[in-house]
Amino acid sequence: MAHSIKEVKALLKEIHNLKALDASEWNKDERKGVQQAIASRRKQLEKESALVAHYEEMTRYEENILSDNPEAVICGIDEVGRGPLAGPVVACAVILNADHAYYGLDDSKKVSAANRQKLSEALIEKTTAYAYGIATPEEIDDLNIYQATQVAMMRAIENLNVTPTHLLIDAMELPLDIVQTSIIKGDAKSVSIAAASILAKEHRDTYMRQLAEQYPGYDFEHNVGYGTKAHLEGIKRLGIIPEHRKSFEPIKSIVLEKLDI
């Protein structure tokens, strides 16, 4: 007795690579529903294969370091929040487990909100260590955004409960006596930096959503502090709050105007 289309779909889910799918007996089944199910499963497997290939490509920095020093403790570091008009800059330092396989991991800006949340939860549940570092709006104004970002990154490293021996950093160098590799667009090239990017993004977004409850009217729950139309309109209606960066325009000009400078 022939299998039903529903049964064939269930059996196809047990095939986990394209080679096995190509060799499957179901390719000989000429029923339209079966052929559609095979095409659908092929598309899924191709997507999964692409994710695995991309992930493996993103491990090359880590693999090169470990090939030279198998005992190296590699820490990825990234930040979010350099550009917003409000809120802190948040950095994260992450040391992945040796058996890490967070397929879909990428630059947080390229990952959907739903997948970013899932990846964040998975990373928090199973990493060797992770920690956050924050630089406040006041520190951003006092130092400048570049130096404040360095401060946030160093705080994240200090907050780790494991001491790293090699830092992989997204486009930044830190005044620390630890071997480090600065990688331009590192959050799209290194799994360790990408993991830090995901965690930092989720942490800061959560903070800004909480800030929206404290300061309604600026639409922080959606713009997370960036200078959107709704945010700028909120500033015009409600004024500037302590979480605004006074050294960033147009807030800087508003402050100077109030001081009559």
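Each reported figure results from applying straightforward, stated rules to the coordinates on display, with no laboratory input. Everything quoted here is computed from the prediction, not taken from an experiment. As a convention, Cβ positions derive from the backbone with ideal geometry for all residues, glycine included, and neighbour counts pool all protein chains shown.
Which members of the stretch 23-59 meet the condition of being acidic (Asp, Glu) and outside any helix (DSSP H, G or I)? Passing the criteria: 29, 30. Residues of the stretch 216-259 that are more than 21 Å from the chain's Cα centre (by Cα), of a type in the set (D, E, K, R) and assigned to a helix (DSSP H, G or I): 229, 233, 236, 237, 252, 257, 258. One residue stands out among those in the stretch 208-234 that are hydrophobic (A, V, I, L, M, F, W, C) and touching a residue at least 40 places away in the same chain (Cβ under 8 Å): the one that is surrounded by the most Cβ atoms within 10 Å (Cβ to Cβ), which is 220. Can residue 136 be described as under 30 Å from residue 236 (Cα atoms) and in contact with a helix residue (DSSP H, G or I) (Cβ under 9 Å, 6 or more places away or on another chain)? Yes, satisfied.
Of everything in the stretch 21-30 that is surrounded by 14 or more Cβ atoms within 10 Å (Cβ to Cβ) and not aromatic (Phe, Trp, Tyr), the residue that is nearest to residue 4 (Cα to Cα) is 29. Hey, can you tell me all the residues within the stretch 203-215 that are in a helix (DSSP H, G or I) and touching a strand residue (DSSP E or B) at 6+ places or on another chain (Cβ under 9 Å)? Selection gives 203, 204, 205, 207, 208, 211.
Among the conditions (1) more than 26 Å from residue 124 (Cβ to Cβ); (2) within 21 Å of the chain's Cα centre (by Cα); (3) not β-branched (Val, Ile, Thr), residue 39 misses just one, which is (2). Scanning the stretch 77-88 for residues that are farther than 12 Å from residue 244 by Cα and either among the aromatic types (Phe, Trp, Tyr) or crowded, with 24+ Cβ neighbours inside 10 Å (or both) yields a count of 5.
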